[in-house]
1. Looking at segment B:174-181, is at least one residue within 14 Å of another protein chain (Cβ to nearest Cβ), in a helix (DSSP H, G or I) and in contact with a Cys (Cβ under 6 Å, 6 or more places away or on another chain)?
2. Do you know which residues across segment A:140-160 are charged (D, E, K, R) and in a loop (DSSP other than H, G, I, E, B)?
3. Just need a number here: residues in segment B:330-356 that are farther than 24 Å from B:Ala181 by Cα and either surrounded by 23 or more Cβ atoms within 10 Å (Cβ to Cβ) or within 14 Å of chain A (Cβ to nearest Cβ) (or both).
4. Quick check: anything in segment A:125-139 part of a helix (DSSP H, G or I), loosely packed, with under 13 Cβ neighbours inside 10 Å and in contact (Cβ under 8 Å) with a residue 24 or more places away in the chain?
5. Quick check: anything in segment B:228-244 closer than 30 Å to B:Ala397 by Cβ and either among the aliphatic types (A, V, I, L, M) or touching a Leu at 6+ places or on another chain (Cβ under 6 Å) (or both)?
6. Is there a residue in segment A:161-170 that is in a helix (DSSP H, G or I), modelled with pLDDT under 95 and either within 14 Å of another protein chain (Cβ to nearest Cβ) or touching an Asp or Glu at 6+ places or on another chain (Cβ under 9 Å) (or both)?
7. Considering only residues that are within 18 Å of B:Arg384 (Cα to Cα) and either of a type in the set (Asp, Glu) or modelled with pLDDT of 95 or more (or both), which ones fall in segment C:44-63?
8. Could you grab me the full set of residues in segment C:24-75 that are surrounded by fewer than 19 Cβ atoms within 10 Å (Cβ to Cβ), closer than 28 Å to A:Thr109 by Cα and among the charged types (D, E, K, R)?
Amino acid sequence: MDTQILWYASRATGAVSLVLFTAVMVLGIATAGRLGFAGFPRAAVLRLHRTLTLTAVAFIAVHIVTAIGDGYVDLNYWDVLVPFGAGFDPLWIGLGAVAIDLLIAIGITSALRRHLSVAVWRVVHFSAYAMWPLALLHGFGNSGGDGHRPWMVALDVACVTAVLAALAYRLRPDGHPDTMARRTALAVHPVQNSGAGR
Amino acid sequence: MSGPARAPAGTLNGRAAIPRATSTARLLPVGAGSSWADHLARLGPLPAAVTDAPGHLAQVLHASGLMGRGGAGFPTGRKVSSVAAAVLRSRTPAVVLANCCEGDPTSLKDRVLIERSPQLVIDGALHAAAAVDADRVVLAVHEHAPAKAQLLAALADRPDPGCEVTVVGVPSRYVASEATALVRYLNTGDARPAGKMVPIWETGVNGRPTLVDNAETLAQLALIARFGPAWFGSVGTVAEPGTSLVTIGGAVPRAGVVEVAHGTPLRAVLARAGAVPAGWALIGGLAGRWVELPAFAEIGYSTGELAAAGGTRGVGSIIVLPPGGCVLTETVRILRFHANAGARQCGPCMFGLPAIAADMAALAGGDRGALDRLRRRLPVIDGRGACGHPDGAVAVAASALSVLTGRDSAHLRQHRRARGCQPPPSVVPLGAAELSPRSLSTGVRS
Amino acid sequence: MKTIARKGVVLRVDPIACRAHGLCAEELPEAIGLDEWGYPILPSGPLPREFLRRARAAAAACPVLALRLQAQARR
C-alpha cells in the first residue's frame, strides 16, 4: 500500500482519536459531576461516554497499525506497549505508549468492573487523567511536523479548554444533599484509631 | 427486685444445689455476692464444653428454645450453628463478641445483670467460645459505663480462662452497639453499622466468623449449659421456655429490672414494680410499640403473645406513661432521637428520619397534612437502610399513628384544635443523646 | 408462563454505597423508582425475564456499583 496514505491515515486517526478521547474525558467528568438534562439524562451521558470510548479505541487501533505499517519510521508493535525504546522519536512515541498502557489497564478494569472492588476500579480509572494529557503531548511533540501546525495546535487548545471547563464544573462546591449529609457523619461518629483490645 | 424466695444453697452430691426449677430467680442472685466464689457457691462450676462434637452446643440450644435477648429475638442455637459451620468452612477460629452495651436508653437489664452477675455473662461467652472453636472473646461495653469496670473486675477475679478475653470500650452511641457496628469498630475504629452484604457470622472481627450475642443471652446460655434444656423450660411457656429480664420504668412506684417467666401476664409483671395496668406504655424500647395497658393486662409476656396483640418484646423494657401522658409528644422526642442517632450512611434513613420527626412534630402542632405525609413516607423508609435503625423508627411512628387514629383519636383531635396539649413531663428516657432539632437536616431531592 | 430458569434474579442495592445518582431509575423506570430524596426503590420479588437485559444495564450504569443483580432460587 502507498505508504503516504498510511502515514496520512495515521496522523488523521491520531487527531480524531484525540478529539474522541477528549469527549470521553468530558463525558466521564460530567457523569461524576451528576450532569444531566431533560433531553439528555445522566444515564445517556454515561452511555455516550462508554460508546465513544469504544469508537476512540477503534480509531487508536487504526492509528497504531497504520503508523507501524507504513514502514517509513522505525516502529514495531513492541514499541506500542513498551515506551521509550522506539528507533524513531523515542520520547514522543514513548508518551503514546504509556498512554496505551494506561488505556489497556482502564479497559480491562472497566470490563471486569463487577468483580473488582470499587476502590481498585476507581484508582485505575482515574489514571485517565494521566492518559489523556500524555496522548495530547504525544500528538503535539511528534516530529512528523503536524503536531506544531496551527490547525493541530488550535485543536489541542480546544481539547484542553473542553476538559478544563468540565473540570471547573466538576470541582464546583458539591452541594448535593447526599454529600452534605454524609459529611456530618464524621463529626457525629468520629473514627477512633486507638482502641485498647482491638 | 427479686422473685420468690429461693431454695437455700446447700450441697447435693458435693455440688451446689440446682436453683429450684420453678423459681424465676435465675439470672440475678438474691442478696449480695457477685464475686467468683459466691458465683461458684450459687451455681457450681461451668461444665466443660463438648468440643469434639461441634454441633453439640447448637443442639442443646435448639432443644432449649433460647432466643436472643438483645431485641431481634433470633434463635441462639441457629446463630451458633451458623458460626460453627463457618469455622469449619474457613478453617479459622471464631471470635465471640458479647454485646454488653445496651444502647437502648429505656433498658437497664444488662447493666443490672452485669452489676450483679458478671460472672454468668463471662461464663456464657467462654462456653460459647469453646463450643464454636473461638480463640478470642471480646466483651464490648460502652466506654464510660460502670459495666466496663465491673467486667474488668470480674475477669480479674476468676482463674485464667484459657483463651484471650478482653473488655473493649465502645463509643456510647445508639447505633454503635449494633452487631455489625461492633465488628466494624473492632476492625477499623468506625462504630457504624456495616450492612448485611457481608454476614458477620462468616466474616467478622479480623475477617473471622464472629458470634455476637447479647449479655443476657449469654447468661441464659451459661445456665442452660449447667442445668440443661429441661430445667430451662421448667418455667415459661411451651413456645417460649425460660425467663427474661424486663426493665419497668416511667411512672411506676418501683422502677427497676425484674426477671419474669415467659407467659406471665403483664398485669403481674407490672405489679412487681407496684404499678397497675392503666394508661399508655411504650413496650419494647425506642423501637417498640405503644400499648394501652388495660387491653394488655392479661397478655402473657413473651415474644409471640406480645406481637400477636400488637406489642413487641424488643429490648425488654416497659415505660409506663403517667395519667394524662401524651403518646404524640413522647413519639416526637423519640423520633428526634432516632434522627440524630443515625449513622448517616444511607439516604432513606438520613433524610427520612428527620422528615418523619418533623412531620410528627407538625402533627403535634395541629398540622392536618402531616398525617398524610407520614402515611406516605413510613412505608417508603421502612427496610431501606443497611441496618434496622430506620425500621425501628418507622415501627414506633406507625404504632403512634395507629394509636392516635384509633383508640386515642380524641386526643389527636385535641391537638388539632388546640395546636398541642399540656402533657406532664416526659418519662421516656433518651439518655444523654437528646440533641436539639438544630442538628437535623432536611434533604431535598436535587 | 413457562419458567425455564429455576432461579429468579432480584435487584439489590447497597444502601451505604448509594449516592443517589439515579442512573438506575433512568435505565429501568418500569421497575426502579426514586423516593423523594433520590434514592432507588426496588421491586421486591424476582424480575420479569423481559427486564433482565435492562436490569443489567441499570446495574452497570451505577457510578458507585451500589446496584447489583442477585440470583435467588425460586421456591
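1. yes
2. A:Arg149
3. Residues flagged as farther than 24 Å from B:Ala181 by Cα and either surrounded by 23 or more Cβ atoms within 10 Å (Cβ to Cβ) or within 14 Å of chain A (Cβ to nearest Cβ) (or both) within segment B:330-356 amount to 5.
4. yes
5. yes
6. Yes - at least one qualifying residue is present in segment A:161-170.
7. Once the filter is applied, which keeps residues that are within 18 Å of B:Arg384 (Cα to Cα) and either of a type in the set (Asp, Glu) or modelled with pLDDT of 95 or more (or both), segment C:44-63 yields C:Ala59, C:Cys62.
8. C:Arg53, C:Arg54, C:Arg56, C:Arg68
The values are calculated or read from the model by the stated rules, or taken from the named source; none is laboratory data. It should be emphasised that the depicted structure is a prediction, and the values quoted were computed from it without experimental measurement. For neighbour counting, all protein chains shown are included, and Cβ atoms are generated from backbone atoms with ideal geometry for every residue, glycine included.
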